[in-house]
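The values are calculated or read from the model by the stated rules, or taken from the named source; none is laboratory data. Quick caveat: nothing in here was measured; it's all calculated off a predicted structure. Glycine also receives a Cβ, built like all others from the backbone with ideal geometry; neighbour counts cover every protein chain displayed. Accessible surface areas use protein heavy atoms only, side chains included; no ligands, DNA or RNA. Shrake-Rupley method; radii C 1.70, N 1.55, O 1.52, S 1.80 Å.
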Amino acid sequence: MDLSAADMLRGLAEATTTVTAEFTNAPLTVAGELPAAIDGFYFRNGPGRFERGGRRYLHPFDGDGHVTRLDISSGAVCYTNRFVRTEEYLAEERAGRMLYRSFGTNLPGGLLGNLFRLNFKNAANTSVRWHAGRLLALWEGGAPYRLDPTTLATLGREDFDRGLASPFSGMSRRLAPLLPFSAHPHIAGGTGDLYNFGLVSGRPNRLMLYRVGADGVMEAPRQHPLSRFSFVHDLGVTRRWLCFLLPQADFDIGRALLGLTTAVGSLHIATERPMQVLLLPREPGAIEPRIISGPPGFVFHIAQAFDDSNGRVVLDVIRYGCYPEFDAIEELFRDPPEGAAPRLERLILDPAREYCERIGFGDDLARHAFELPVSAPAALGEPQRILYGVGAPPERRTPYLTSIMRLDTATGALTTRDFGLDLVGEPMLVPGAIGDEGWLLSLVFRVGQSRTDLVVLRAADLAIQATTALPHALPVGFHGCWVPRAELATASR
Ligand SMILES: [Fe+2]
């Protein structure tokens, strides 16, 4: 029998408790065999503070960014954690109360407290990525914050030598002097180029496209006008294309401006309508952009993207049949609507015929939720056969994710390791030597014990190799990265 809604809601409440202590290189006790080949740093970001001045954030995405650093070497682990000291975080610390609106939380005072207040808090809570010697805390609505990779001290906003300076005029630039830089950059193996985007609302709405070279230099951003507002979280990069899935979204800017509702409350995503798959040339001007009608629903994450030998584009995506309303979490878990659980599917797009085909990966996967996809680093546009992620036992209808998953996309063979009521974090792959799949690291929240463990699994069969208890409970987080020791050492020389 699956977990009850009450169990899951209790687990989620426990796993969204504010972090109250910051540690520096605290040595941890390891149970089991931690392979000596794991030598580097696991960085992960997620919301770490869920209230301010006695008021709780109303949406789990609103918590202040909190980054952890696990230094793993010779079978030992040391732990460091810090909140990201954004401008807004520091101002609210000084004031001892909320000063900014968030994605799903308005300021107190109803209409008067929120009227025309459009300077939102940069939560800096969605991912932490390493590129060209920079460690960046990312949030899709604003600029990244740069962190010291050794101490996790916040070094300030990163604008890539003014590359993120807004080129727009008037209100848009006054509200946001820097362009948004999303939380899902794609770093192309081989070239080391980083691709990313930012969504700017206005007339027209625009998708900003960024490329930062392996030397850390950002090219002048490109702009692509969108015929309507959309909500995009991730991109896919192939040799030829930058790929986006655009749901049909409406944003009631009037109600948001007046403070009558939150940003998320003013957003309506018509998941019964087909998404648009937008293909933009990776090299500007190389080919004409394409818009192809895709499946209905909503996609946060693209697991991988590549061109096949027939010139088609393959996108492995995590699709929701309906948008998960995390601000109405009781309802989402007590009476989950059809399509509330995320499913991994393959879209095959033919740019020439503007046609999209949707295929599954077999009956076993079709019964399981699958989210937070990761794979081994690949050369630009190269397919990866094995995908990892988090999921849930068969037929669970809610996004309560307690399993680590491994899918062989060629055979549909699915391997899972379930942790009962415990919530698992994004599995981070530490590649092994050639011919060895390596290991997965996951921060697992132990429900009922208010504890978080770093769990190390063998990637090939998900056997648990080692478990390490952190010195405190860490809320369930979002995304992170693995940085081999040699790479960090080279950068700091
Ligand atoms: Fe994400």
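Name the single residue, out of those in segment 121-165 being among the hydrophobic types (A, V, I, L, M, F, W, C) and more than 19 Å from the chain's Cα centre (by Cα), that is farthest from Leu99 (Cα to Cα).
Residue satisfying both the conditions and the ranking: Ala132.
When Pro324 is evaluated against the numbered criteria (1) under 30 Å from Val430 (Cα atoms); (2) touching a residue at least 60 places away in the same chain (Cβ under 8 Å); (3) in a loop (DSSP other than H, G, I, E, B), which criterion, by number, is the only one it fails?
The failed condition is (1).
For segment 426-476, which positions are of a type outside the set (A, V, I, L, M), part of a strand (DSSP E or B) and open to solvent by 10 Å² or more (accessible area, probe 1.4 Å)?
Trp439, Arg446, Arg451, Arg458, Gln465, Thr467, listed by residue number.
Quick one: is Arg346 touching a Ser or Thr at 6+ places or on another chain (Cβ under 8 Å) and part of a strand (DSSP E or B)?
Yes: the conditions hold for Arg346.
Being within 16 Å of the ligand (Cβ to nearest atom) and assigned to a loop (DSSP other than H, G, I, E, B) is the filter here; which residues of segment 153-190 pass it?
Within segment 153-190, Pro180, Ser182, Ala183, His184, Pro185 meet the criteria.
Here are the criteria: (1) of a type outside the set (D, E, K, R); (2) open to solvent by less than 30 Å² (accessible area, probe 1.4 Å); (3) touching a strand residue (DSSP E or B) at 6+ places or on another chain (Cβ under 9 Å). Tell me which single one Leu9 does not satisfy.
So Leu9 meets the others, but not (3).
Name the helices (runs of 4 or more DSSP H) wholly inside segment 1-120 in which the number of residues that are under 30 Å from Leu258 (Cβ atoms), aliphatic (A, V, I, L, M) and out of contact with any Leu (no Cβ under 9 Å at 6 or more places or on another chain) is 2 or more.
87-95
Considering segment 297-320 alone, what residues qualify as being open to solvent by 30 Å² or more (accessible area, probe 1.4 Å) and within 13 Å of the ligand (Cβ to nearest atom)?
Result: no residue meets the conditions.
Which of the residues spanning segment 146-168 are modelled with pLDDT of 95 or more and among the aromatic types (Phe, Trp, Tyr)?
Phe160, the sole residue that qualifies.
Scan segment 131-144 for residues that are away from the ligand (no atom under 13 Å from the Cβ) and in contact (Cβ under 8 Å) with a residue 60 or more places away in the chain and jot them down.
His131, Ala132, Gly133, Arg134, Leu135, Ala137
Determine, yes or no, whether Pro225 is surrounded by fewer than 17 Cβ atoms within 10 Å (Cβ to Cβ) and either closer than 23 Å to Ile318 by Cα or free of Cβ contacts under 8 Å to residues at least 40 places away in the same chain (or both).
yes
Give the residue, chosen from Leu257, Leu278, that is more than 24 Å from the chain's Cα centre (by Cα) and either of a type in the set (Gly, Ala, Ser) or closer than 24 Å to Ser166 by Cα (or both). Please lay out each step first, then the result.
Numbers: Leu278 fails: more than 24 Å from the chain's Cα centre (by Cα).
That would be Leu257, the only listed residue that is more than 24 Å from the chain's Cα centre (by Cα) and either of a type in the set (Gly, Ala, Ser) or closer than 24 Å to Ser166 by Cα (or both).
Does Val128 qualify as being in contact (Cβ under 8 Å) with a residue 12 or more places away in the chain, within 16 Å of the ligand (Cβ to nearest atom) and crowded, with 21+ Cβ neighbours inside 10 Å?
Taking the combined requirement at face value, the residue satisfies it.
Considering only residues of segment 58-107 that are surrounded by 20 or more Cβ atoms within 10 Å (Cβ to Cβ), closer than 18 Å to Pro471 by Cα and among the hydroxyl-bearing types (Ser, Thr, Tyr), which is nearest to the chain's Cα centre (by Cα)?
Thr68
Is it fair to say Leu199 is open to solvent by 20 Å² or more (accessible area, probe 1.4 Å) and either within 16 Å of the ligand (Cβ to nearest atom) or free of Cβ contacts under 8 Å to residues at least 12 places away in the same chain (or both)?
The answer is yes for Leu199.
So is Leu401 within 16 Å of the ligand (Cβ to nearest atom), assigned to a strand (DSSP E or B) and crowded, with 21+ Cβ neighbours inside 10 Å or not?
No.
Across segment 481-493, which residue is farthest from the ligand (Cβ to nearest atom) among those that are farther than 24 Å from Leu414 by Cβ and assigned to a strand (DSSP E or B)?
My answer is Pro484.
For Arg240, all conditions in the list (1) touching a helix residue (DSSP H, G or I) at 6+ places or on another chain (Cβ under 9 Å); (2) open to solvent by 30 Å² or more (accessible area, probe 1.4 Å) hold save one; what is the number of the exception?
(1)
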